[in-house]
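**Student:** Below are the structure tokens for one structure; questions will follow.
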Amino acid sequence: MTSVFANLDPATYQPHPLHSSERMWPETNCYVDLWIEVLASLGVAPEAMLGFTLTQEFEGDQFTFFKVPLEDLEKLYGIRCTELAIFDTVEAHVTEQIGRGRLCLVEMDSYFMPDTRGVGYRQDHGKTTVAINRLDLAGRSMDYFHNGGFFHLDGEDFDGLFQKALPADSLPFLPYTEFAKFPEKPVEDRVLRSKAHDLLKLHYGRRPTINPIADFARVFPAQVEAIAERPFGYFHKYAFNTLRQFGANFELLASHLAWLSPEGAFQTPIEQALKISETAKTVQFQLARAVTRKKFEPLKSVLDPTAEAWEELMGALGEKLD
């Protein structure tokens, strides 16, 4: 076996609708985005896994970098995902697992990934997770899932990712790697919806006890004032780990609830989740202006609608899940 999903071609690949350019947040974070595309390629609904978004918290300096729990992947889809020990070359381990029909998720350097052109490619070294579908060692090329798509790279980029240019006596960096074992056949949609509903109840019980957006709003202006004293590039990192994380998180929650109940049983929670997402997008632009102009007073109340929407969302959802 030379690839896990044999019928995929980066040149003709169509991303899942959760990555549509018409969404408020077409991309969320590398880990969740990757799983959306992998699950779609497996032939199952990625929307089913998104109940865990209810558990997102404000961690004091950032919002939870939301990741699908591995136990959820197993309960919903029968996918067993765990850490893969790396003691030989990365490519040797990946080749072995592809031969067994398993997909490896590897932390790699976006500096060598052409799909990040204009953002990180050949500009910044950044840690990101990819899932390698096909690996050609002789041809120095690979096809991989990353963010909201499926891509190809080769040549010098391949050499850079796999550290081929290191001096002979250098110790290579051994990245954190997971590998996914897939079931013999995809789970039926009816069963998937039932399991997803059970997990939604579970994650609702794990929701934060303190409104995370209100918690964030209390420190937001002071954090932005401090950011304004740093190089502007830091703004993007801060916005990604705060506004984008909770904005994208709640747009995905809305999609999860809409998929779980096509008849509209969760309409009010969906509306509130989308309100949170849309407001986060707007505040991101206001944040950029505040940093540029060094005027922070308007930021004191801009998150109030999102904090109120979080309370309404959780209250309305609780009534539906009782």
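**Student:** Right, A309: surrounded by 20 or more Cβ atoms within 10 Å (Cβ to Cβ), within 26 Å of the chain's Cα centre (by Cα), more than 28 Å from D198 (Cα to Cα) and modelled with pLDDT of 95 or more or not?
**Tutor:** No; evaluated as a whole, the condition is false for this residue.
**Student:** Could you name every one of the helices (runs of 4 or more DSSP H) located completely within the stretch 1-109 that has at least 3 residues being free of Cβ contacts under 8 Å to residues at least 12 places away in the same chain and under 15 Å from the mean Cα position of the chain (by Cα)?
**Tutor:** none
**Student:** Moving on. Does at least one position in the stretch 144-152 carry a residue that is buried (at least 20 other Cβ atoms within 10 Å of the Cβ), out of contact with any His (no Cβ under 9 Å at 6 or more places or on another chain) and part of a loop (DSSP other than H, G, I, E, B)?
**Tutor:** No, every residue in the stretch 144-152 fails to be buried (at least 20 other Cβ atoms within 10 Å of the Cβ), out of contact with any His (no Cβ under 9 Å at 6 or more places or on another chain) and part of a loop (DSSP other than H, G, I, E, B).
**Student:** Determine if the stretch 30-47 includes at least one residue that is more than 21 Å from F182 (Cβ to Cβ) and either among the aliphatic types (A, V, I, L, M) or touching a Gly at 6+ places or on another chain (Cβ under 6 Å) (or both).
**Tutor:** no
**Student:** For the stretch 156-179, give me the residue count where each residue is in contact with a strand residue (DSSP E or B) (Cβ under 8 Å, 6 or more places away or on another chain), outside any strand (DSSP E or B) and hydroxyl-bearing (S, T, Y).
**Tutor:** Within the stretch 156-179, residues that are in contact with a strand residue (DSSP E or B) (Cβ under 8 Å, 6 or more places away or on another chain), outside any strand (DSSP E or B) and hydroxyl-bearing (S, T, Y) number 1.
**Student:** Considering only residues that are crowded, with 19+ Cβ neighbours inside 10 Å and of a type in the set (A, V, I, L, M), look in the stretch 77-97 and name the one that is farthest from M49 (Cα to Cα).
**Tutor:** Ranking the candidates gives V90 first.
**Student:** Consider V187 carefully, then state whether it is under 22 Å from T82 (Cα atoms), part of a helix (DSSP H, G or I), of a type in the set (V, I, T) and out of contact with any Ser or Thr (no Cβ under 6 Å at 6 or more places or on another chain).
**Tutor:** It is false that V187 is under 22 Å from T82 (Cα atoms), part of a helix (DSSP H, G or I), of a type in the set (V, I, T) and out of contact with any Ser or Thr (no Cβ under 6 Å at 6 or more places or on another chain).
**Student:** Select from the stretch 181-217 the residues that are closer than 30 Å to I132 by Cβ and among the β-branched types (V, I, T) and write down the one among them that is farthest from the chain's Cα centre (by Cα).
**Tutor:** V191
The values are calculated or read from the model by the stated rules, or taken from the named source; none is laboratory data. Model, not experiment: these values are computed from the prediction. Ideal geometry is used to build each Cβ from the backbone, glycine not excepted, and the neighbour counts take in all protein chains shown.
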